[in-house]
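Reading through the structure tokens given below for one structure.
The numbers here are math on the coordinates, done by the rules we state, and not lab data. This structure is a prediction, so every number in the text was calculated from the model and none was measured. Cβ sites come from the backbone with ideal geometry, for glycine too, and all protein chains shown count toward neighbours.
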Amino acid sequence: MERTTLEVIAPSVEEAVASGLEQLAVTEDRVDVEVLDEGNRGFLGFGARQVRVRLTLRPDGVADRPGSKSGPVAAHPEPEAQTGDPLLDFSAKTARELLEKMKLPARVSAVYGEPDESGDTPILVDIRGDELSILVGRRAETLNALQYILGLIVSKEAQRWVQVVVDVEGYRARREKQLRQLARRMAEQAVRTGKRQILEPMSSAERRIIHLELRDHADVFSESIGEDPARKVTILLKKQ
């Protein structure tokens, strides 16, 4: 005789099992419960997914078996290389844990960058993997949110402010090159037309790239106008 099965989707395993038992009109000791999908509460505003379980009705007289409730076998990724620097290793490990919450398997490494003008040394976290475009988001909003959260966690661990820069598949390097090209092109247009040029709204980090690119320009200067998140760069002619 074929065994009766029922799949149920719900916010939690407990709710799914309770709903299934009600539909089958049996008690829990009469079914085998298999968790097909543990679900995900989502992270940074996306990826939420409900739990899915399968209830299989046992034949009459079959007792409950220890360990009959099962779930998906957890994957054990290969441990990534350690740098020997506690803060770098903590940064990479924390980034991997955040990505796991987003259901985005990836390879993560962390190194120190070049000190800035104030002498502070940033931590550069590089993320590599397949199908990670969703991690960048519109105008890098998702990537910046991940970077902000990781920076807070790392700074708390270090007990001081640490600048953390997160990049995905070289996105930031490509974006910086695009912004530098845009700055030069719009500067040329300002000189050619004699009119100021206003760029699209950007993050403070992207506005800084524009300002640095035009800092020593002979004919134009740049300044930021407006309020976040719509703050933008305007390029103006220098007075001769």
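Which order do the peptides 220-230, 27-37 take when ranked by the mean count of other beta-carbon atoms within 10 Å per residue, highest first?
Ranking, from highest mean packing down: 27-37, 220-230.
Treat every Asp and Glu Cβ in the stretch 173-237 as -1 and every Lys and Arg Cβ as +1, leave all other atoms uncharged, and give the resulting dipole magnitude about the Cα centre to the nearest 20 debye.
Dipole magnitude for the stretch 173-237 comes out near 220 debye.
Report, by chain and number, residues whose modeled amide H sits under 5 Å from the one on Val166, excluding near sequence neighbours (fewer than 5 apart, same chain).
Placed amide hydrogens put Val125 under 5 Å from Val166.
At a Cα cut-off below 29 Å, give the lysines reachable from Lys195, other chains included and same-chain residues fewer than 8 away excluded.
Lys177, Lys232, Lys238, Lys239
Which aspartates and glutamates have a Cα less than 20 Å from the Cα of Lys103, not counting those fewer than 8 places away in the same chain?
Reachable aspartates and glutamates: Asp37, Glu38, Glu78, Glu80, Asp126, Asp130, Glu131, Glu141, Asp167, Glu169.
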